[in-house]
1. Under a cut-off of 20 Å between alpha-carbon atoms, report the aspartates and glutamates in cross-link reach of Lys206, not counting same-chain residues fewer than 8 places apart.
2. Between Lys206 and Ser145, 0.36 nm times their residue separation minus their Cα-Cα distance comes to what?
3. Quick one: net charge around Ser117, please, counting Lys, Arg +1 and Asp, Glu -1 for every other residue with C-beta under 15 Å from its C-beta.
4. Show log10 I(q)/I(0) for the chain at q = 0.08, 0.12, 0.14, 0.18 Å⁻¹, two decimals, from a solvent-free Debye sum over equal Cα scatterers.
5. Using a 7 Å offset from Cα along Cα-Cβ at Lys195, what residues in segment 40-83 end up with backbone N under 16 Å from the label point?
6. Under the Karplus relation 6.51 cos²θ - 1.76 cosθ + 1.60, θ = phi - 60°, what is the ordered set of whole-Hz ³J(HN,Hα) values for segment 52-61, x standing for Gly and Pro?
7. Rounded to whole Å and sorted largest first, list the principal axis extents of the Cα atoms in segment 1-130.
8. Over segment 88-135, what number does the Rg to Rh ratio reach, with both radii from the alpha-carbon atoms and Rh per Kirkwood?
Amino acid sequence: MALRFAAMGYHAFVLRYSTFMGGTFGFPDFQKEMEVNENCMHPTPMREIGKAILTIREHAEEWLVDVDKIAICGFSAGAHNCAMYSVYWDKPIIHEYFNGKPEMFKPAATILGYTLSDYLFMRSIPKSPIDQQLFEVSNLAFTGSKEPDEETLKEVSPVLHVSESTPPMFLWATSEDTLVPAQHTLRMAHALADKKIPYEVHIYEKGPHGLSLSAQATARQKVKFIKTLQDGL
């Protein structure tokens, strides 16, 4: 994605934020009991977006960056991280942590691809055994529990925290996505509409989760990813 944006003439930065790593494609061995890694738990991932924006601002003159046009872009879990940051950027959990003024952390816009936006909704939908196991271990990695309480689920559901300060958004997903259903994108669009935040949303008919560029160059990697995940389970 960064290379595609760069090819279009944009400055593009890749943030390698903290995740629970291990195994092929960053997935742990699901047959073994996972240990909690506090370094990747909420709110660390979204704070790292804040740190990245501060770093870009510090080098803005050197890198020829317009600090009023810094947008953030993410996909799947990365989209959830960007959505979280988009609703928390002006809250104490971000700016007080860095001892900075809220306006230093403001994103100009957000792009979310097949995002997870509502953990309460996610908990309630039927899942295949593979998807359920993935959901549980991702909960553990992100919140420290395979079955987080309702208060925690609300805190990490960005759709519930959209406000007048949330940046404009471009959202897209596919109706065939079974891992993170398109309702997450629709719910986010609904929340933005309620707060009169500018947005554009596209739900495409075809395509599984994780399409990236939705081009032949990334389709092969998607097939390999699915096979590797199934083999691991």
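Read the figures in this text as sums done on the coordinates, not as results from a lab. All values reported here derive from a predicted model rather than from experimental measurement. Methodologically, a virtual Cβ is constructed for each residue, glycine included, from the backbone with ideal geometry; neighbour enumeration extends over all protein chains shown.
1. The reachable aspartates and glutamates, counting only those whose Cα sits under 20 Å from Lys206, are Asp131, Glu176, Asp177.
2. Extending this stretch completely gives an extra 18.6 nm.
3. 0
4. -0.29, -0.68, -0.95, -1.60
5. 72, 80-83
6. Calculated HN-Hα couplings, in order: 5, 5, 4, 5, 5, 4, 4, 10, 4, 5 Hz.
7. Result, largest extent first: 49, 36, 26 Å.
8. Ratio value, two decimals: 1.19.
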